[in-house]
Amino acid sequence: MIEILKNRQIILSLIILGGLIFMAVFAGVLAPYDYKEKDLQNRQQPPSSDHLFGTDHLGRDILTMVMYGARASLFVGFAVVSVSLAIGVTLGVLAGYYGGWLDEIIMRLTDSFLAFPSMFLALAITAFLGQGMENMMLALIAVEWTVFARVARGSTLDVKTKGYVRASRWVGASNSYVMIKHVLPNIISPVLIMASIGIGNVILAAAGLSFLGFGVQPSTPEWGSMLNAGRTYFSTAPWLMFFPGLLIMMTVLAFNYFGDGLRDALDQKMKNLELEGRF
Amino acid sequence: MLKAENLRCVYTSGLIKTVKKTAVCGVDLEICPGETVAIVGESGCGKSTLAKMLVQQLEPTSGEVFFDGTKLTGMNWKNLRKFMGKIQLIPQNPDDVVDPRWTVERSVAEPFVICGGFSREEISANVAALFEEVGLSAEHRPRYPHELSGGELQRVVIARALTLKPELLVCDEATSMLDVSVQAFIVTMLKEIQKKRGLGLVFITHDLEAAKAVSDRVLVMYAGEIVEEGKDVFDRPLHPYTRALMDAVQYASLEVVLPEDVGPLPDGFSGCSYYKLCRERTEACKESQKLRNVSERLVRCWKAK
Ligand SMILES: Nc1ncnc2c1ncn2[C@@H]1O[C@H](COP(=O)(O)OP(=O)(O)OP(=O)(O)O)[C@@H](O)[C@H]1O
Ligand code: SF4
Ligand SMILES: [Mg+2]
């Protein structure tokens, strides 16, 4: 664990992500204004010392909204990825471990989800279920779990053939024991890498859906819906779109960067394990 | 104790165009309690396959394995569980027998945990005793597999195999990956453990010297068949293959004398499986060869006297 922190890429992304999470959690304390507070006298003010990021078309402080928006985006990102990870890893490990018809069924299921472009699938589901945060999250889960199912299945196929799995079975371990005690811990690194990159992707997709009007209610501060609201005023008040856009970009990049760094660090660790005097 | 009858294993590989490979064909074997049986033969002759079938890690294509009179082959996993601790395999590659993410101590304790019915204190006392038995000290216990040397790791694997008080230990080239000096050490240790615990030991090896030193009885395998079986095989080899094997070791650097090539054998050739390489073959060798009893020995060659 300590070795991972030696990776510069990881440090940098952790600092950014730490800042974002801090901002999201303490938005109530940190934000200079109340996000519901409309100040119709000061509409579309450019950035100034009173309003660092300016104000929007209803006179709300953009810095405040961006801070509360981080809350919504990060919540969606973590929640969607956690649920997808749980579903995907469970199904993927079962498919890889048991193989046969179970594998066939689960993989055909993931394939059919993957057959649609992910944004199209999410759009179709939200269009069907109706607008709202929960429905948007359901739609994103429907897209995201397949990634985890595939990664988990692939790694499980590899771990399944290892001597320690056979040895453990051979002293009487049940299949579920082997899956929990040996398979899961040994496939967790690629899964975590995918999770980190996945959070970034989900945040981006959520912003996309909100931008298109399928996500959260326009009154709740969320980066995607802020972009949508700012669209009309882009030529006169570009800061309405600039700051939420910047935050989305930074967050997505930081998660991707973190995932990449994690991959490099873990790859290196695996290499070291292999190099370290194994015959 | 362990008895195998007419074991045969055919591997099928390939999806569309299937290739069949007979790795073991018709092996009979009996191991008595406390006895050491060495199995020797060149690479690819089916030693590991035979070992896996003996410990039920591989379902034989045909043939049966009995343990104290109970038929193990075809038994379902639930019933087989009772016998698992009794027969343990130490595989060719100690590398992946223990989980790289577990401390070796935890790996050795695993069989106790899986079997259940042991308290924490009992388990740790037992594990400590096992580590001592295989010559590892307390400092090795909390380490991870990659923090041990190959020889130390192999001892961990042996300790783990001993946890459930096995009656039969099958060592598949348990030392071939190790340094020569360590090899001798581990072999001696295995022998000591065997004597102390009265185990049956199947010792699979390339190393004829080691086979000779440890075993009560030797089986020589060639192309999936036993070609010679008995005591003092290397003092008085009767089968031409056994002699060739011994020569190969002795004159490793000299040119090996091969007989003239007889061309491809006809399809369905049922004669001696060693026919192509045998320096002593005659026309009569095209007849199929059975294991014959020749002066307290089993030999698969009509010429042996
Ligand atoms: N899973 C498999 N599928 C197909 N063929 C196999 C498989 N495992 C082994 N074989 C073949 O069966 C034959 C016997 O293999 P086995 O591993 O038993 O040899 P071995 O005597 O243990 O050799 P070595 O001394 O090199 O370990 C070999 O020709 C090998 O190619
Ligand atoms: S039967 Fe013939 S070919 Fe086979 S080992 Fe004996 S002498 Fe050689
Ligand atoms: Mg082998």
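No lab work stands behind these numbers, since they all come straight from the coordinates. Treat the numbers as computed from the prediction; the structure is a model and nothing was measured. For neighbour counting, all protein chains shown are included, and Cβ atoms are generated from backbone atoms with ideal geometry for every residue, glycine included.
Quick look at the numbers
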| read-out | value |
| --- | --- |
| The stretch B:1-73: relative contact order in percent, alpha carbon pairs under 8 Å with at least 6 residues between | 41 |
| Sorted peptide list for B:281-292, A:252-263, criterion being average Cβ within 10 angstrom, highest first | A:252-263, B:281-292 |
| Where only C-alpha atoms are counted, convex hull volume of the protein assembly as shown per residue in Å³ | 213 |
| FRET E, pair A:PHE78, B:PHE118, Förster distance 35 Å, beta-carbon r, rounded to 0.05 | 0.30 |
| Those residues of the stretch B:201-239 whose amide nitrogen sits under 20 Å from the label point placed on B:GLU287, 7 Å along Cα→Cβ | B:226-228, B:238-239 |
| Projected label distance in nm at B:LYS17 and A:SER219, using a 7 Å step from Cα toward the beta-carbon | 7.2 |
| Net +/- balance of residues flanking A:ASP260 in space, Cβ distance below 13 Å, scoring K and R +1, D and E -1 | 0 |
| Net length gained if the chain between B:LYS196 and B:VAL262 were fully extended (0.36 nm per residue, minus Cα distance) | 18.6 nm |
| Where a label projected 7 Å from the Cα of B:ASP68 along Cα→Cβ would reach, residues of the stretch B:1-25 with amide N under 13 Å | B:1-2 |
| Taking A:HIS57, A:HIS182, B:HIS140 and counting other C-beta atoms within 10 Å, the order from fewest to most | A:HIS57, B:HIS140, A:HIS182 |
| FRET E, pair B:LYS165, B:LYS212, Förster distance 25 Å, beta-carbon r, rounded to 0.05 | 0.30 |
| Over chain B: helical MRE at 222 nm, DSSP H runs n ≥ 4 each giving -39500 (n - 2.57), nearest 500 | -9000 deg cm²/dmol |
| Length gained when the stretch B:ALA184-B:ASP247 is fully extended (0.36 nm per residue, less Cα-Cα span) | 20.5 nm |
| 222 nm mean residue ellipticity, helices alone, for chain A (DSSP H n ≥ 4; -39,500 (n - 2.57); rounded to 500) | -24500 deg cm²/dmol |
| Reachable aspartates and glutamates from B:LYS212, criterion Cα separation under 18 angstrom, eight or more residues apart if same chain | B:GLU35, B:GLU42, B:ASP172, B:GLU173, B:GLU192, B:GLU228, B:GLU229, B:ASP232, B:ASP235, B:ASP247, B:GLU296 |
| Within 10 Å of each Cβ in B:143-149, the average number of Cβ atoms from other chains | 3 |
| Principal semi-axes in Å for the stretch B:147-280 [√(5λ), Cα gyration tensor, largest first] | 34, 17, 15 |
| Segment A:SER112-A:SER49, length gained on full extension (0.36 nm per residue, minus Cα span) | 17.4 nm |
| Residue-averaged beta-carbon neighbours from other chains (10 angstrom radius) around B:53-59 | 1 |
| Cα centroid separation, the stretch B:3-32 to the stretch B:86-148 (Å) | 32 |
| Equivalent ellipsoid semi-axes - Cα gyration tensor, chain A, angstrom | 42, 23, 13 |
| Chain B: relative contact order in percent, alpha carbon pairs under 8 Å with at least 6 residues between | 20 |
| Inter-site label distance for B:TYR144 and A:LEU246 at 7 Å from Cα along Cβ, in nm | 4.1 |
| Ordering of A:204-216, A:162-174 by packing [mean C-beta count within 10 Å, highest first] | A:204-216, A:162-174 |
| Mean Cβ neighbour count within 10 Å, used as a protection proxy, ranking A:111-117, B:269-275 highest first | B:269-275, A:111-117 |
| Net dipole in debye of the protein assembly as shown [+1 Lys, Arg Cβ; -1 Asp, Glu Cβ; about Cα centre; nearest 20] | 900 |
| Helix axis angle, B:120-133 relative to chain B longest principal axis, alpha carbon, degrees | 50 |
| Pairwise label distance in nanometres, A:ALA127 with B:LYS82, each label 7 Å out on the Cα-Cβ vector | 6.3 |
| Length-normalised contact order of the stretch A:57-274 in % [C-alpha pairs under 8 Å, at least 6 apart] | 27 |
| Among the listed pairs B:LYS3/B:LYS165; A:LYS181/B:LYS196; B:LYS47/B:LYS86; B:LYS231/B:LYS290; B:LYS47/B:LYS303, those beyond 31 Å (Cα-Cα) | A:LYS181/B:LYS196 |
